[in-house]
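I have placed the structure first, in the form of structure tokens, so that the comments after it can refer back to it.
The values are calculated or read from the model by the stated rules, or taken from the named source; none is laboratory data. Because the structure is predicted, anything quoted here is derived from the model rather than measured. Here the Cβ positions follow ideal geometry from the backbone for every residue, glycine too, while neighbour counts run over all protein chains shown. Accessible surface areas use protein heavy atoms only, side chains included; no ligands, DNA or RNA. Shrake-Rupley method; radii C 1.70, N 1.55, O 1.52, S 1.80 Å.
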Amino acid sequence: MIICKTPFRISFFGGGTDFPAWYKKHSGIAISSTINKYCYVMLKHADFIKCRYVIRYHKTESLNTIKKIKHPVVREVLNKYNKRKEGIEISHFSDLPGRSGIGSSSAFTVSMLNLVNHYNGKRLSKSDLAKKSMHMEQNILKEKVGSQDQYACAYGGFNEITFNKNRKIFIKRLNISQKKKNILENKKSIFFTGFTRHADKIEKDKMDNIKKKFEYFYKIQLIANEAKKILSSNNINFLHELSYLLNESWIYKKELSKKVSINKLDDLYSFALKNGAIGGKILGAGGGGFFMFISKNLNDKKRLIKNLRKLRYIDFKFENLGSHIIYKNFN
């Protein structure tokens, strides 16, 4: 049996500038951190099952050929990377719901690649794991996704991810002090809106609008660079400045596609700003999933949680390990 554990991520700034169609012409930047909520994928020998492949997620598939597997990531990862002939079972578990803006799709792809390569006796570097995950999603599965989540989930940590015009991607730890990380960690909060969405449809709409919405993509990029300066500075009284940029980023993000927000989300955002939050944005592509807020102090955060008690509040910490194998034992 092998078990892979991969963190989800919170994307603070720069979403959209990680689309290849954008950064290959204009470069891009994303600022994100992984959190201590995880995707778990387990692989074991199917010793007592007649079928060669048993795949368990929100459905169960039992079959004898890879090409008949309906789950696209499992099918394509096994098809490309699995070199062994034994029957196997693959099971997926998660701390948070999928399709909710916390990078769950890429976390699963990263987990599958990490898992299957370990199963075949090959260890991938963080860099290779991120690159292969991005290639799998964008080129093999033809998904309409950006390029930040694969790197965030593979590497872990609070990072600045830059995308160059020559398509080279660089990730490095953001130069933020532990004191500032603690302040941000204590004052942020995320709430599940109660509904999920298909991110690829929203992201496709954004990509189709790049030329028409150039001004807003560019502003999102400028905001991300400004946020980097604020987070990297020695100023510990940074929450108001950061929240202002978060609010501006949310305004511009909604301009990228009409599918990013709906009245219910706009009402939630407005209500939160009157009840304990000073900044906020929807996580991920938009359209549903998790909403993130920042409060100026702990009392306001408690007030926000109380006033949004109809929504599921999720407490979390930042994490640094990224995707890794937590158990491996084959007889």
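Cβ under 11 Å from N117's Cβ, N117 left aside: what net charge do those residues give with Lys, Arg +1 and Asp, Glu -1?
Its environment carries a net charge of +4.
Among (1) 15.6; (2) 16.5; (3) 28.5, which is the computed mean projected area of the Cα convex hull in nm²?
Matching the structure shown: (2).
Take the alpha carbon gyration tensor of the stretch 92-237, find the square roots of its eigenvalues, order them as a ≥ b ≥ c, and report rounded if a/c is under 1.5; if not, report prolate when a/b exceeds b/c, else oblate.
rounded
Please find the FRET efficiency linking F170 to D208, where r is the Cβ-Cβ separation and R0 is fixed at 22 Å, and quote it to the nearest 0.05. Kindly include the intermediate steps, with their values, before the conclusion.
Values: r = 27 Å, r/R0 = 1.25.
Taking R0 as 22 Å, the efficiency between F170 and D208 is 0.20.
Explain nothing, just the number: relative contact order of the stretch 1-130, from Cα pairs under 8 Å at least 6 residues apart, as a whole percent. Working shown, then result.
On the way: 219 pairs, mean separation 38.1, N = 130.
The normalised contact order for the stretch 1-130 reaches 29 percent.
Roughly how many nanometres apart are two label points built 7 Å out from the Cα toward the Cβ at K24 and L222?
2.7 nm
When only the heavy atoms of the protein chains count and the probe is 1.4 Å, how do L184, L124 rank by accessible area, highest first? Show your work: numbers first, answer last.
Values: L184 0, L124 30 Å².
These residues rank, largest area first, as L124, L184.
Using the Cα centre of the stretch 22-86 as the reference point, and only Cβ charges (+1 on K/R, -1 on D/E), how large is the resulting charge dipole? Debye, rounded to the nearest 20.
260 debye
Within the chain, which is the longest segment that contains none of the chymotrypsin sites (Phe, Trp or Tyr not before Pro) sitting in a DSSP loop with at most 14 other Cβ atoms within 10 Å?
Values: sites that count: F48, F195, F330.
The longest such stretch corresponds to 49-194.
Report the relative contact order of the chain, percent, no decimals, based on alpha-carbon pairs under 8 angstrom and at least 6 residues apart. Each step should come with its number before you reach the end.
Numbers: 693 pairs, mean separation 86.5, N = 331.
The value is 26 percent.
Explain nothing, just the number: dipole magnitude of the stretch 233-322 about its Cα centre with +1 on each Lys and Arg Cβ and -1 on each Asp and Glu Cβ, in debye rounded to the nearest 20.
My answer is approximately 440 debye.
Show the residues, 5+ positions off or on another chain, whose built amide H is closer than 5 Å to the amide H of A46.
G87, I88, E89
Please work out how much length the chain gains when fully extended from D266 to K181, using 0.36 nm per residue of separation minus the C-alpha to C-alpha distance, in nm with one decimal.
Full extension of this stretch gives 27.8 nm more.
Skipping prolines and chain starts, which residues have an amide H placed within reach, meaning under 5 Å, of the one on S177, given they are 5 or more residues away or on another chain?
none
With r defined as the distance between the Cβ atoms of E255 and K317 and R0 fixed at 35 Å, what FRET efficiency is calculated, to the nearest 0.05?
Step by step, r from the Cβ atoms, then E = 0.60.
Suppose R0 equals 51 Å; then what is the FRET efficiency for K229 and C51 from their Cβ-Cβ distance, rounded to the nearest 0.05?
For K229 and C51, the calculated efficiency is 0.40.
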